[in-house]
1. Can you tell me which residue within the stretch B:133-168, out of those that are part of a helix (DSSP H, G or I) and within 11 Å of another protein chain (Cβ to nearest Cβ), is farthest from the chain's Cα centre (by Cα)?
2. Can you pull out every residue in the stretch A:108-125 that is surrounded by fewer than 20 Cβ atoms within 10 Å (Cβ to Cβ) and in a helix (DSSP H, G or I)?
3. Working only within the stretch B:58-101, note down all residues that are surrounded by 18 or more Cβ atoms within 10 Å (Cβ to Cβ) and within 15 Å of A:VAL101 (Cβ to Cβ).
4. Can you say whether A:GLY258 is part of a helix (DSSP H, G or I), more than 18 Å from the chain's Cα centre (by Cα) and either more than 14 Å from every other protein chain (Cβ to nearest Cβ) or over 26 Å from A:SER328 (Cβ atoms) (or both), as far as the supplied structure shows?
5. With A:ASP84, A:ASP10 as the choices, which residue is modelled with pLDDT under 85, facing chain B (nearest Cβ under 9 Å) and either over 42 Å from the mean Cα position of the chain (by Cα) or crowded, with 16+ Cβ neighbours inside 10 Å (or both)?
6. Any residue that is at pLDDT below 80 and under 26 Å from A:THR327 (Cβ atoms) - is there at least one of those in the stretch A:216-231?
7. Quick check on this structure: which one of B:ILE126, B:ILE82, B:ILE87, B:ILE97 is farther than 20 Å from A:LEU211 by Cβ, within 13 Å of chain A (Cβ to nearest Cβ) and either touching a helix residue (DSSP H, G or I) at 6+ places or on another chain (Cβ under 9 Å) or of a type outside the set (Val, Ile, Thr) (or both)?
8. Among the charged types (D, E, K, R), touching an Asp or Glu at 6+ places or on another chain (Cβ under 8 Å) and surrounded by 15 or more Cβ atoms within 10 Å (Cβ to Cβ) - does that describe any residue in the stretch B:33-48?
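The values are calculated or read from the model by the stated rules, or taken from the named source; none is laboratory data. It should be emphasised that the depicted structure is a prediction, and the values quoted were computed from it without experimental measurement. So basically every Cβ, Gly included, is an ideal-geometry build from the backbone, and we count neighbours across all protein chains shown.
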Amino acid sequence: MDIGIDGRIDQRSTVNAGAAQNDMLRSARFRVERETHWRQLDELVTRAEQGGAAALGYDEVRNLASGYRQAMNSLSVARDISLDRALIAYLESLCARAYLVVYAPQESLGGLTSRLLRHGIPQAVRRSALPLFIGFLALILGAAAGYRLYESDPSWFYTFVPPEMADQRTPDASADYLRSTIYGDEGQQDSDRLAAFSAFLFSHNTSIVVLIFTLGVFVSVPSFILTFYNGLILGAFFAMFARKGLGYDVFAWLSIHGVTELAAIAIACAGGARLGLAVLLPGTRTRKEALRHQAHDAVKLAILAALMLVVAAFIEGVLRQLIQDPTSRLIIGWGVGLFWIAWLTLGGRGGKTPREAVR
Amino acid sequence: MNQSLRDGKRAGEFIPPEGVPITFAIASLGTRFGAQFLDILFTTIATIIIAVVIVFTGVLPESAQGMLMVLLGFLVQTPYYILSELIWNGRTLGKRITGIRVINVDGRRLTPHQVTARNLMKEVEIFAPMSLLASVGYQSAWENGLTSLWLLVVVVVPFTNRRRQRLGDVIAGTLVVDNPRSVLLSDLAVSAPAAASAQPAFEFLPEHLDVYGKYELQTLEDVLRDSTKTANHTEIQQIVRTITRRIRYEDAVKPGQELTFLNEFYRAQREHLESLKLFGTLRENKYHQYARTEAKRLI
């Protein structure tokens, strides 16, 4: 660790201090001997703070690292021998600043993203079988309940579906109108309106997804309820079209983006469920520790959900208007779904990276 | 460390891998609120500018515009905070301006996971209540009640823990601290003898120095560093009077010599206390004698 700068500095400082050294306090002498070091480190740290460690040369980075350890050393000695508060305060803040520079993240954003996509997310998903089951269960139960309730009484639709989401697609609308909403080929103006509507749905979905995820902290009940509610809307919606004999068409219409979008909602619910399970069943850990532990995978699930939502929004906003044939819609929707499944089950199987390192 | 509460600042002590504890001043909630406010302001302004540019240049078809705008609105929320804290090592724009930053509680480097986790919780703690608050007028009474309960919980959590962590901080294991700033002040014990070594004006005996402890010494240091207090300041004269009375210093301090006396006393006292400390006797304050008799009885 000693890289040869000590001798030079010490000599100069002893010359500076001169004869006064002898009748100085021990702590003052300690300070005079090391002050040049600290100032050098201070200067390096200041430059690194301004321009990042990239602003420093090779030797300077080396000096920064060794200077940091020396300053740490000085701090611990100063605490023992000195009562000069200014000195200790200075060293403490200098060490803190140097610490923040030395222990800055050393990964590029690109590396981070690719690692997340290659191992992080697929492995996290595979570790979350039970929460995922809970998430999809909530959605499917909700859809089934919505469907059955609509079957028994169509006026349930108005209870479930918020009017701004239904957008004139109500049980009272004619089959022809409903068909026109599925195949938005009514001309430029109508498709613009549809695009705006899908944009609204996207922002609605993102806030729903984030809420579903984060509210999972409260014993995952809100996640479950919100997901269930989304399922209800879906079920009622589907039932309404199915009643008018548009079951296949609406299935295709929903599939093209819904496979991705609804899966994203269920996955967000799974993330929330992980948080909730940590609070509910912390095991041998304390609740705080369990929450922190589960959050590793839960956050990855949330990122995955966000990613899928963006993809779904793209499909919804662009592809759905372009592709009108129900069969192609089905193929694209479920094809993308298959891609997700393949990625999540097969990705990161290499097993070279240990679990801890992935975090 | 005894300085953990100086200047009325809360301090979080944490241990870096080198094993020497460092203290960070915990950022005040007001500063954090300010940083959050600035961030929201900046992101809103940026969104508006980009939206105006998109609409007025009109290079994109209308349907793509809407999509792009919504994507933009999504990006300036959680993703903005995550990315900026990743890039600037725990600082967003607002945090940079207000001089605070996020650090890892356990002394390691801030991990991407922590940044993501704490900012995802921001949705629950800040954005969702904000949008609920905006629609207070359209909500039913019990929805308003729920909103205020939610707000209450979110606001109360940082007050319930010593380190002022909000929910996201607790989950991610992070801490928001003031950016450390370092200024090296001159050593009082060095600057003084340069003038005084020629003629040591005051002689202090061991019994003079046995009265005070570390606390009094450092209080005196603060007084001496305060450049507004000149020699004939009444406060200085009063301090000199108090000290001479307490340590039973016989010689009278001549008018005009008060600062020299205090400097000399500071140096002698510090030398004494430091050498005691080196041998394992740390005198915290002037009540050390009571503590010492206790210890003797034990021996």
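1. Of the stretch B:133-168, the ones part of a helix (DSSP H, G or I) are B:133-134, B:136-138, B:141-160, B:167-168.
With the extra rule that they be within 11 Å of another protein chain (Cβ to nearest Cβ), the set shrinks to B:150, B:153, B:167-168.
Working: B:TRP150: 29, B:VAL153: 25, B:LEU167: 20, B:GLY168: 20 Å.
Top of the filtered list is B:TRP150.
2. Keep residues of the stretch A:108-125 that are surrounded by fewer than 20 Cβ atoms within 10 Å (Cβ to Cβ), which gives A:108-115, A:117-118.
Answer for the stretch A:108-125, where residues must be surrounded by fewer than 20 Cβ atoms within 10 Å (Cβ to Cβ) and in a helix (DSSP H, G or I): A:LEU109, A:GLY110, A:GLY111, A:LEU112, A:THR113, A:SER114, A:ARG115, A:LEU117, A:ARG118.
3. B:ASN89, B:GLY90, B:ARG91, B:ARG101
4. Values: part of a helix (DSSP H, G or I): yes; more than 18 Å from the chain's Cα centre (by Cα): yes; either more than 14 Å from every other protein chain (Cβ to nearest Cβ) or over 26 Å from A:SER328 (Cβ atoms) (or both): yes.
Spelling it out, A:GLY258 is indeed part of a helix (DSSP H, G or I), more than 18 Å from the chain's Cα centre (by Cα) and either more than 14 Å from every other protein chain (Cβ to nearest Cβ) or over 26 Å from A:SER328 (Cβ atoms) (or both).
5. On the way: A:ASP10 fails: facing chain B (nearest Cβ under 9 Å).
Only one candidate passes the filter, namely A:ASP84.
6. Looking only at the stretch A:216-231, we keep the residues that are at pLDDT below 80, and these are A:216-220.
Retained after the next criterion (residues that are under 26 Å from A:THR327 (Cβ atoms)): none.
No - not one qualifying residue is present in the stretch A:216-231.
7. Details: B:ILE126 fails: farther than 20 Å from A:LEU211 by Cβ; B:ILE82 fails: farther than 20 Å from A:LEU211 by Cβ; B:ILE97 fails: within 13 Å of chain A (Cβ to nearest Cβ).
Going through B:ILE126, B:ILE82, B:ILE87, B:ILE97 in turn, just one is farther than 20 Å from A:LEU211 by Cβ, within 13 Å of chain A (Cβ to nearest Cβ) and either touching a helix residue (DSSP H, G or I) at 6+ places or on another chain (Cβ under 9 Å) or of a type outside the set (Val, Ile, Thr) (or both): B:ILE87.
8. Our first condition is that a residue be among the charged types (D, E, K, R); within the stretch B:33-48, this holds for B:39.
After this cut, where a residue has to be touching an Asp or Glu at 6+ places or on another chain (Cβ under 8 Å) as well, the list is none.
Within the stretch B:33-48, not a single residue is among the charged types (D, E, K, R), touching an Asp or Glu at 6+ places or on another chain (Cβ under 8 Å) and surrounded by 15 or more Cβ atoms within 10 Å (Cβ to Cβ).
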